[in-house]
1. How many residues does segment 55-83 contain that are out of contact with any Leu (no Cβ under 6 Å at 6 or more places or on another chain) and either part of a loop (DSSP other than H, G, I, E, B) or within 18 Å of Ile22 (Cα to Cα) (or both)?
2. Take Leu84 and tell me if it is of a type in the set (A, V, I, L, M) and either modelled with pLDDT under 95 or out of contact with any helix residue (DSSP H, G or I) (no Cβ under 8 Å at 6 or more places or on another chain) (or both).
3. Can you list residue pairs whose Cβ atoms sit under 6 Å apart, with the first residue in segment 69-95 being over 15 Å from Ile56 (Cα atoms) and touching a residue at least 60 places away in the same chain (Cβ under 8 Å) and the second being among the aliphatic types (A, V, I, L, M) and exposed (fewer than 14 other Cβ atoms within 10 Å of the Cβ)? Count only pairs 6 or more apart in sequence or on different chains.
4. For segment 24-43, what are the residues that are in a loop (DSSP other than H, G, I, E, B) and among the hydrophobic types (A, V, I, L, M, F, W, C)?
5. Can you tell me how many residues in segment 55-84 are under 19 Å from Ser15 (Cβ atoms) and exposed (fewer than 12 other Cβ atoms within 10 Å of the Cβ)?
6. Looking for whichever is touching a residue at least 60 places away in the same chain (Cβ under 8 Å) and either outside any helix (DSSP H, G or I) or of a type in the set (Gly, Ala, Ser) (or both) here; the options are Lys46, Lys21. Which one fits?
7. Kindly evaluate Glu52 against the criterion of being in a helix (DSSP H, G or I), surrounded by fewer than 18 Cβ atoms within 10 Å (Cβ to Cβ) and free of Cβ contacts under 8 Å to residues at least 12 places away in the same chain.
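The values are calculated or read from the model by the stated rules, or taken from the named source; none is laboratory data. The structure displayed is predicted, hence computed values, not measured ones. FYI the Cβ positions are ideal-geometry reconstructions off the backbone, even for glycines, and counts take in every protein chain you see.
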Amino acid sequence: MESQIQISDLENIISEKIFIKIEKWNLYLGDAGLARNLAIECISNKDQDTSEAAKISLQAINVKVGDGFKNIPLIDLVTSSQILELEEILESFFN
């Protein structure tokens, strides 16, 4: 039960703070349905330092584009400032 609470707590934070950047458009991961998967990945990588955990987790999530025939790693769709934001979230969440 504790791990489910942790996943949900981290998912909620990620949902509201991390977004995909397409041109001038921001799509928050909660709206895109990607926050839970990222939270699970981040928790599974918590034994890494936060910078590495954030990058590994973002790299592990593939985002389906169009009809789903093409996948793009989530890390390619977020800005460097969003990666830093995720690192800060993980730092405060895991400590």
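1. 20
2. Values: of a type in the set (A, V, I, L, M): yes; either modelled with pLDDT under 95 or out of contact with any helix residue (DSSP H, G or I) (no Cβ under 8 Å at 6 or more places or on another chain) (or both): yes.
In short, yes.
3. Pairs found: none.
4. So the first thing to find is which residues in segment 24-43 are in a loop (DSSP other than H, G, I, E, B), and the list is 24, 33-34.
Passing the criteria: only Leu34.
5. Of the residues in that region, 2 qualify.
6. Working: Lys46 fails: touching a residue at least 60 places away in the same chain (Cβ under 8 Å).
Selected residue: Lys21, the only one of Lys46, Lys21 that is touching a residue at least 60 places away in the same chain (Cβ under 8 Å) and either outside any helix (DSSP H, G or I) or of a type in the set (Gly, Ala, Ser) (or both).
7. Judged against the criteria, Glu52 is a match.
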